[in-house]
1. Using a 10 Å cut-off on Cβ atoms, rank the peptides B:118-125, B:14-21 from the highest mean neighbour count down.
2. Go from 0 up to the bin containing the longest alpha carbon distance in the range B:72-120, width 10 Å each, and give me the % of pairs per bin.
3. If you wrap a convex hull around the Cα atoms of the protein assembly as shown, how much volume per residue is inside, in Å³?
4. Partner chain Cβ atoms within 10 Å, averaged over the residues of B:6-13 - can you pull that number for me?
5. Any number yet on Rg/Rh for chain B, C-alpha, Kirkwood?
6. Once you put a point 7 Å from the Cα of residue A:9 and another 7 Å from the Cα of residue B:107, both along the Cβ direction, what distance in nm separates them?
7. At 222 nm, what helix-only mean residue ellipticity would the protein assembly as shown give, in deg cm²/dmol to the nearest 500, using -39500 (n - 2.57) for each DSSP H run of four or more?
8. Treat each spin label as a single point 7 Å out from the Cα along the C-beta direction, and report the residue B:82 to residue B:121 distance in nm.
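What follows draws every value from the coordinates through simple rules; no lab data is involved. This is a predicted model, so every value here is computed, not measured. Glycine gets a Cβ as well: all are built from the backbone with ideal geometry, and neighbour counts include every protein chain shown.
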């Protein structure tokens, strides 16, 4: 554990919860449109790897501290899922796939939440001097 | 939390859309033999037209992943021809004894209704899962 700070662990858990939430929202959107003709299922994509790869070249330059950094680097984005068979009405949402992805995201979220709650409990324990 | 709210909103929009589909299928079935409607013609079966609707949220404004809801664009009348049945004793029979009956096919309505009911169920499950996530997030404060 030595060199991993609490803040880094909390930040990582937070990111996991954000990603799980976004996945949940995308799957909910797909489920909502299970009967919309022509709707194409979307899936979460992770842009931070690309952002890291591109580095400063992928962002707007800021010459003044008041400038916004252009596009806010967002951890999760969504794109059309490909390789899914579509129905006759052009819709390619699969009920089981979306429900599975929701359950998966919920499990991810719960796992992160459990660890985070444990982390907070330790901090509270320290604050209360072990009482 | 805003993303979870958007997800909840998307699922809720689907619940009302699917409920409307069931309502329309039920009225189609109920009126399968109605030879007179407001315009004097036999009843025409109705169809619900759905379309995607973006849920306005902070995340969608920032271009981040957000949920997509569904909205009912309209309820349209099916313009396919009426069914005709030979029934000279019917008060609405024409001079040849044929009655024009609504273009409702019971099997089609049942399939529609089943599909809508299953989609409703799926979205209800989704809402349950989203609610669990929200509850878990709130539990962090305990």
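1. Working: B:118-125: 17.9, B:14-21: 20.4.
Put in order of decreasing packing, that is B:14-21, B:118-125.
2. Pairs per bin, as whole percents: 22, 33, 27, 15, 3.
3. Numbers: hull volume 53.8 nm³, N = 273.
Residue-normalised Cα hull volume stands at 197 Å³.
4. On the way: counts 6, 13, 3, 4, 9, 7, 2, 3.
Partner-chain Cβ atoms within 10 Å, mean over residues of B:6-13: 6.
5. Details: Rg = 21.7 Å, Rh = 18.0 Å.
Radius of gyration over Kirkwood radius for chain B works out to 1.21.
6. About 6.3 nm separates the two model spin labels.
7. Computed mean residue ellipticity for the protein assembly as shown: -17000 deg cm²/dmol.
8. 3.7
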